[in-house]
Amino acid sequence: MKVVCTSTLIAFGEDELSAYGDLDIDFQVIDGRDEAALLAGTADADALIVVEEDINRTVIEGLTRCRTIVRCGIGYDVVDIEAAAERGIWVSNVPDANYREVAVHAIALALAVQRRLPALDAEMRESGWGNWFVPGVHRPEAQIFGLYGLGRIGTRVATVAAALGYTVLAHDPAVSAPDAKALGVHLVGRDALLAQSDVLSLHVPLLESTRNLIDRDALAQMKKGAVLINVSRGGLIDEAALADALQSGHLFGAGIDVFESEPTGTDNPLLGCKTAILTPHAAHWSEEALSELKQKVVEESARILRGEAPRSAVNRVGSALASAGPRAF
(Lines give C-alpha, C1' and ligand atoms only; values in the text may rest on other atoms or scores of the structure.)
Protein backbone atom coordinates (compact mmCIF):
# COMPACT_ATOMS: atom_id res chain seq x y z
CA MET A 1 0.00 0.00 0.00
CA LYS A 2 1.12 3.53 -0.76
CA VAL A 3 1.09 6.31 1.82
CA VAL A 4 1.86 9.83 0.60
CA CYS A 5 2.85 12.71 2.85
CA THR A 6 1.96 15.80 0.83
CA SER A 7 4.48 18.11 2.50
CA THR A 8 8.25 18.24 2.91
CA LEU A 9 7.91 20.36 6.07
CA ILE A 10 7.76 17.39 8.45
CA ALA A 11 10.28 14.56 8.30
CA PHE A 12 9.09 11.12 9.39
CA GLY A 13 11.77 8.81 10.74
CA GLU A 14 11.95 5.08 11.29
CA ASP A 15 10.60 5.39 14.82
CA GLU A 16 7.32 6.92 13.62
CA LEU A 17 7.00 4.70 10.55
CA SER A 18 7.44 1.59 12.67
CA ALA A 19 3.78 2.04 13.65
CA TYR A 20 2.86 0.51 10.28
CA GLY A 21 4.15 -2.76 11.70
CA ASP A 22 3.69 -5.66 9.31
CA LEU A 23 1.80 -3.60 6.72
CA ASP A 24 3.64 -3.49 3.40
CA ILE A 25 3.91 0.29 3.03
CA ASP A 26 5.55 2.37 0.32
CA PHE A 27 5.92 5.71 2.15
CA GLN A 28 6.50 8.67 -0.17
CA VAL A 29 6.90 12.41 0.38
CA ILE A 30 5.95 15.02 -2.21
CA ASP A 31 5.90 18.81 -2.32
CA GLY A 32 2.16 19.34 -2.68
CA ARG A 33 2.03 23.10 -2.65
CA ASP A 34 0.31 23.24 -6.04
CA GLU A 35 -2.62 21.28 -7.38
CA ALA A 36 -0.75 19.73 -10.30
CA ALA A 37 1.82 18.18 -7.96
CA LEU A 38 -0.95 16.86 -5.72
CA LEU A 39 -2.84 15.31 -8.61
CA ALA A 40 0.28 13.65 -9.97
CA GLY A 41 1.63 12.43 -6.65
CA THR A 42 -1.49 11.19 -4.90
CA ALA A 43 -3.67 9.52 -7.56
CA ASP A 44 -2.78 5.94 -6.55
CA ALA A 45 -2.27 6.58 -2.82
CA ASP A 46 -4.04 4.44 -0.25
CA ALA A 47 -3.59 7.11 2.42
CA LEU A 48 -2.61 10.77 2.55
CA ILE A 49 -0.86 12.57 5.38
CA VAL A 50 -1.53 16.30 5.01
CA VAL A 51 0.15 19.27 6.68
CA GLU A 52 -1.28 22.44 5.11
CA GLU A 53 -1.88 21.51 1.47
CA ASP A 54 -5.21 22.24 -0.23
CA ILE A 55 -6.90 18.87 -0.58
CA ASN A 56 -9.85 20.18 -2.55
CA ARG A 57 -12.60 18.38 -4.45
CA THR A 58 -10.52 18.17 -7.63
CA VAL A 59 -7.68 16.45 -5.78
CA ILE A 60 -10.04 14.11 -3.95
CA GLU A 61 -11.84 13.13 -7.14
CA GLY A 62 -8.45 12.22 -8.60
CA LEU A 63 -7.81 9.67 -5.84
CA THR A 64 -8.42 6.20 -7.26
CA ARG A 65 -8.03 4.03 -4.16
CA CYS A 66 -7.54 6.30 -1.14
CA ARG A 67 -9.07 5.12 2.12
CA THR A 68 -8.01 7.88 4.51
CA ILE A 69 -6.71 11.43 4.69
CA VAL A 70 -5.06 12.29 7.99
CA ARG A 71 -4.38 15.91 8.88
CA CYS A 72 -1.23 16.71 10.87
CA GLY A 73 -2.93 18.84 13.49
CA ILE A 74 -6.30 19.87 14.86
CA GLY A 75 -7.86 21.99 12.12
CA TYR A 76 -9.06 20.25 8.97
CA ASP A 77 -10.34 23.14 6.84
CA VAL A 78 -7.69 22.39 4.19
CA VAL A 79 -9.57 19.19 3.30
CA ASP A 80 -12.91 19.14 1.47
CA ILE A 81 -14.67 16.99 4.05
CA GLU A 82 -17.87 16.63 2.03
CA ALA A 83 -16.06 15.45 -1.11
CA ALA A 84 -14.09 12.90 0.92
CA ALA A 85 -17.24 11.58 2.58
CA GLU A 86 -18.96 11.17 -0.77
CA ARG A 87 -16.09 8.97 -1.96
CA GLY A 88 -15.97 6.88 1.20
CA ILE A 89 -12.66 8.34 2.41
CA TRP A 90 -12.16 8.75 6.12
CA VAL A 91 -10.76 12.13 7.19
CA SER A 92 -9.07 12.24 10.57
CA ASN A 93 -7.17 14.82 12.58
CA VAL A 94 -4.96 14.71 15.67
CA PRO A 95 -6.91 16.70 18.26
CA ASP A 96 -4.72 16.03 21.28
CA ALA A 97 -1.05 16.34 20.29
CA ASN A 98 -0.57 20.08 20.68
CA TYR A 99 -3.61 21.49 22.48
CA ARG A 100 -1.47 22.27 25.54
CA GLU A 101 0.94 24.32 23.44
CA VAL A 102 -1.88 26.26 21.76
CA ALA A 103 -3.49 27.02 25.12
CA VAL A 104 -0.19 28.26 26.55
CA HIS A 105 0.34 30.46 23.48
CA ALA A 106 -3.10 32.02 23.92
CA ILE A 107 -2.37 32.84 27.55
CA ALA A 108 1.12 34.10 26.67
CA LEU A 109 -0.28 36.45 24.01
CA ALA A 110 -2.98 37.72 26.36
CA LEU A 111 -0.51 38.50 29.13
CA ALA A 112 2.08 40.01 26.80
CA VAL A 113 -0.52 42.32 25.26
CA GLN A 114 -2.08 43.29 28.58
CA ARG A 115 1.31 43.91 30.23
CA ARG A 116 2.57 45.78 27.13
CA LEU A 117 5.75 43.68 27.04
CA PRO A 118 6.83 44.43 23.43
CA ALA A 119 6.37 48.20 23.92
CA LEU A 120 8.27 48.18 27.22
CA ASP A 121 11.08 46.15 25.70
CA ALA A 122 11.31 48.47 22.69
CA GLU A 123 11.48 51.57 24.91
CA MET A 124 14.23 50.00 27.03
CA ARG A 125 16.31 49.18 23.97
CA GLU A 126 15.78 52.61 22.46
CA SER A 127 16.53 54.82 25.47
CA GLY A 128 17.56 52.61 28.39
CA TRP A 129 14.25 53.11 30.18
CA GLY A 130 10.54 53.29 29.45
CA ASN A 131 7.17 54.65 30.48
CA TRP A 132 5.52 52.11 32.74
CA PHE A 133 2.68 54.45 33.75
CA VAL A 134 0.13 53.68 31.05
CA PRO A 135 -3.67 53.57 31.55
CA GLY A 136 -5.45 50.36 30.61
CA VAL A 137 -3.27 47.82 32.44
CA HIS A 138 -5.27 45.85 35.00
CA ARG A 139 -4.76 42.87 37.28
CA PRO A 140 -6.45 39.58 36.29
CA GLU A 141 -8.70 39.60 39.35
CA ALA A 142 -10.36 42.76 38.03
CA GLN A 143 -11.01 41.34 34.59
CA ILE A 144 -13.13 38.86 32.66
CA PHE A 145 -11.49 36.32 30.36
CA GLY A 146 -13.94 35.31 27.65
CA LEU A 147 -13.73 32.13 25.62
CA TYR A 148 -15.52 31.76 22.30
CA GLY A 149 -15.53 27.96 22.24
CA LEU A 150 -14.91 25.56 25.10
CA GLY A 151 -13.43 22.50 23.44
CA ARG A 152 -10.16 20.83 24.39
CA ILE A 153 -8.04 23.98 23.93
CA GLY A 154 -10.63 26.36 25.32
CA THR A 155 -11.00 24.20 28.41
CA ARG A 156 -7.25 24.26 28.98
CA VAL A 157 -7.18 28.04 28.59
CA ALA A 158 -10.08 28.36 31.01
CA THR A 159 -8.21 26.41 33.68
CA VAL A 160 -5.05 28.50 33.35
CA ALA A 161 -6.93 31.81 33.16
CA ALA A 162 -8.88 30.96 36.31
CA ALA A 163 -5.64 30.04 38.09
CA LEU A 164 -4.27 33.49 37.21
CA GLY A 165 -7.28 35.11 38.85
CA TYR A 166 -9.55 35.96 35.91
CA THR A 167 -13.29 35.43 36.03
CA VAL A 168 -13.92 33.13 33.07
CA LEU A 169 -16.94 33.36 30.77
CA ALA A 170 -17.59 31.18 27.72
CA HIS A 171 -19.99 30.82 24.84
CA ASP A 172 -20.37 27.34 23.39
CA PRO A 173 -23.76 25.86 22.46
CA ALA A 174 -22.32 22.34 22.65
CA VAL A 175 -21.36 22.60 26.34
CA SER A 176 -23.88 22.05 29.12
CA ALA A 177 -24.21 24.39 32.08
CA PRO A 178 -23.23 21.63 34.58
CA ASP A 179 -20.05 20.82 32.62
CA ALA A 180 -19.11 24.49 32.46
CA LYS A 181 -19.83 24.95 36.15
CA ALA A 182 -17.53 22.03 36.97
CA LEU A 183 -14.75 23.98 35.23
CA GLY A 184 -15.58 27.14 37.12
CA VAL A 185 -16.77 28.75 33.88
CA HIS A 186 -19.94 30.80 33.45
CA LEU A 187 -21.80 30.16 30.18
CA VAL A 188 -23.27 33.23 28.49
CA GLY A 189 -24.77 34.15 25.14
CA ARG A 190 -22.70 35.48 22.26
CA ASP A 191 -23.68 39.12 22.76
CA ALA A 192 -22.96 38.98 26.49
CA LEU A 193 -19.55 37.42 25.82
CA LEU A 194 -18.60 40.19 23.39
CA ALA A 195 -19.85 42.95 25.68
CA GLN A 196 -18.37 41.71 28.95
CA SER A 197 -14.97 40.22 28.05
CA ASP A 198 -11.80 42.16 28.87
CA VAL A 199 -9.91 39.43 27.03
CA LEU A 200 -11.71 37.50 24.28
CA SER A 201 -9.97 34.36 23.05
CA LEU A 202 -11.27 32.44 20.02
CA HIS A 203 -11.33 28.64 20.10
CA VAL A 204 -13.64 27.51 17.30
CA PRO A 205 -13.07 25.69 13.99
CA LEU A 206 -13.23 27.54 10.69
CA LEU A 207 -16.58 26.64 9.15
CA GLU A 208 -18.86 28.60 6.86
CA SER A 209 -20.86 29.49 9.97
CA THR A 210 -17.77 30.89 11.73
CA ARG A 211 -16.04 32.70 8.87
CA ASN A 212 -15.63 36.37 9.84
CA LEU A 213 -17.13 35.50 13.20
CA ILE A 214 -15.46 38.65 14.54
CA ASP A 215 -16.47 41.24 11.98
CA ARG A 216 -16.86 45.00 12.25
CA ASP A 217 -20.17 44.71 14.10
CA ALA A 218 -18.80 42.17 16.59
CA LEU A 219 -15.76 44.36 17.27
CA ALA A 220 -18.05 47.33 17.92
CA GLN A 221 -19.90 45.20 20.50
CA MET A 222 -16.68 44.47 22.36
CA LYS A 223 -15.83 46.44 25.48
CA LYS A 224 -13.66 49.51 24.89
CA GLY A 225 -10.13 48.65 25.99
CA ALA A 226 -10.58 44.89 25.49
CA VAL A 227 -7.99 42.50 24.06
CA LEU A 228 -8.68 39.99 21.26
CA ILE A 229 -6.72 36.73 20.98
CA ASN A 230 -6.84 34.31 18.04
CA VAL A 231 -4.83 31.09 17.94
CA SER A 232 -7.48 29.14 15.99
CA ARG A 233 -7.91 30.11 12.32
CA GLY A 234 -7.33 33.39 10.51
CA GLY A 235 -10.64 33.35 8.66
CA LEU A 236 -12.49 33.90 11.93
CA ILE A 237 -11.59 37.61 11.97
CA ASP A 238 -12.09 40.47 9.53
CA GLU A 239 -8.48 41.66 9.62
CA ALA A 240 -9.15 45.12 8.16
CA ALA A 241 -11.88 45.73 10.73
CA LEU A 242 -9.60 44.55 13.54
CA ALA A 243 -6.83 46.88 12.37
CA ASP A 244 -9.28 49.80 12.44
CA ALA A 245 -10.41 48.86 15.97
CA LEU A 246 -6.79 48.81 17.13
CA GLN A 247 -5.76 52.02 15.38
CA SER A 248 -8.77 53.89 16.75
CA GLY A 249 -8.02 52.75 20.29
CA HIS A 250 -11.33 50.93 20.68
CA LEU A 251 -9.35 47.78 21.53
CA PHE A 252 -6.37 47.92 23.87
CA GLY A 253 -4.54 45.31 21.81
CA ALA A 254 -4.62 41.95 20.09
CA GLY A 255 -2.58 38.76 19.96
CA ILE A 256 -2.88 37.04 16.58
CA ASP A 257 -1.17 33.78 15.57
CA VAL A 258 -3.26 32.93 12.48
CA PHE A 259 -4.17 34.91 9.38
CA GLU A 260 -6.60 34.92 6.48
CA SER A 261 -3.71 34.16 4.10
CA GLU A 262 -0.59 32.37 5.29
CA PRO A 263 2.09 33.55 4.86
CA THR A 264 0.35 36.88 5.23
CA GLY A 265 1.21 39.64 2.77
CA THR A 266 3.26 42.70 3.64
CA ASP A 267 0.12 44.77 2.96
CA ASN A 268 -1.78 43.17 5.85
CA PRO A 269 -3.07 46.15 7.89
CA LEU A 270 -2.36 44.36 11.16
CA LEU A 271 1.38 44.70 10.51
CA GLY A 272 1.05 48.44 11.10
CA CYS A 273 -0.72 48.09 14.46
CA LYS A 274 1.72 48.72 17.32
CA THR A 275 -0.68 47.33 19.91
CA ALA A 276 -0.90 43.94 18.18
CA ILE A 277 1.47 41.05 18.84
CA LEU A 278 1.69 38.87 15.74
CA THR A 279 3.20 35.39 15.54
CA PRO A 280 3.53 33.11 12.46
CA HIS A 281 1.06 30.30 13.23
CA ALA A 282 3.48 29.09 15.90
CA ALA A 283 1.09 28.29 18.75
CA HIS A 284 1.19 24.55 18.10
CA TRP A 285 4.94 24.22 18.30
CA SER A 286 7.06 22.34 20.79
CA GLU A 287 9.47 19.48 20.21
CA GLU A 288 7.28 17.21 22.29
CA ALA A 289 4.16 18.15 20.35
CA LEU A 290 5.82 17.46 17.00
CA SER A 291 7.02 14.03 18.13
CA GLU A 292 3.58 13.09 19.44
CA LEU A 293 1.88 14.47 16.33
CA LYS A 294 3.97 12.41 13.92
CA GLN A 295 3.47 9.24 15.94
CA LYS A 296 -0.32 9.67 16.12
CA VAL A 297 -0.68 10.57 12.42
CA VAL A 298 1.06 7.38 11.36
CA GLU A 299 -0.86 5.30 13.90
CA GLU A 300 -4.19 6.69 12.64
CA SER A 301 -3.41 5.98 8.99
CA ALA A 302 -2.18 2.48 9.90
CA ARG A 303 -5.33 1.84 11.91
CA ILE A 304 -7.61 2.64 8.96
CA LEU A 305 -5.45 0.77 6.43
CA ARG A 306 -5.80 -2.33 8.62
CA GLY A 307 -9.58 -1.97 8.41
CA GLU A 308 -9.97 -0.81 12.00
CA ALA A 309 -12.18 2.06 13.14
CA PRO A 310 -10.53 5.49 13.07
CA ARG A 311 -9.65 7.08 16.39
CA SER A 312 -10.45 10.68 15.48
CA ALA A 313 -12.57 10.84 12.32
CA VAL A 314 -14.12 14.20 11.44
CA ASN A 315 -16.49 12.85 8.77
CA ARG A 316 -18.81 9.94 8.11
CA VAL A 317 -17.93 7.93 5.04
CA GLY A 318 -20.60 7.39 2.44
CA SER A 319 -22.38 10.57 3.53
CA ALA A 320 -22.46 14.09 2.17
CA LEU A 321 -22.49 15.40 5.71
CA ALA A 322 -19.47 17.60 6.25
CA SER A 323 -18.60 16.29 9.70
CA ALA A 324 -19.70 14.13 12.55
CA GLY A 325 -21.31 17.06 14.35
CA PRO A 326 -19.67 20.49 14.14
CA ARG A 327 -20.41 23.04 16.83
CA ALA A 328 -23.17 25.41 15.84
CA PHE A 329 -21.70 28.81 16.66
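The single residue among Ser232, Ser261, Ser201 that is assigned to a loop (DSSP other than H, G, I, E, B), under 27 Å from Pro140 (Cα atoms), within 16 Å of the chain's Cα centre (by Cα) and assigned by TED's automatic domain parsing to the domain that holds Val185 turns out to be Ser232.
For the condition more than 23 Å from Gln221 (Cβ to Cβ), among the small types (Gly, Ala, Ser) and surrounded by fewer than 19 Cβ atoms within 10 Å (Cβ to Cβ), Gly128 qualifies.
Screening Thr64, Thr58, Thr42 for residues that are closer than 29 Å to Arg316 by Cβ and crowded, with 23+ Cβ neighbours inside 10 Å leaves exactly one candidate, Thr42. Report, by residue number, each residue of segment 178-203 that is surrounded by 24 or more Cβ atoms within 10 Å (Cβ to Cβ), out of contact with any helix residue (DSSP H, G or I) (no Cβ under 6 Å at 6 or more places or on another chain) and among the hydrophobic types (A, V, I, L, M, F, W, C). The one that is surrounded by 24 or more Cβ atoms within 10 Å (Cβ to Cβ), out of contact with any helix residue (DSSP H, G or I) (no Cβ under 6 Å at 6 or more places or on another chain) and among the hydrophobic types (A, V, I, L, M, F, W, C): Leu200.
The values are calculated or read from the model by the stated rules, or taken from the named source; none is laboratory data. Source: prediction; values computed, not measured. Ideal geometry is used to build each Cβ from the backbone, glycine not excepted, and the neighbour counts take in all protein chains shown.
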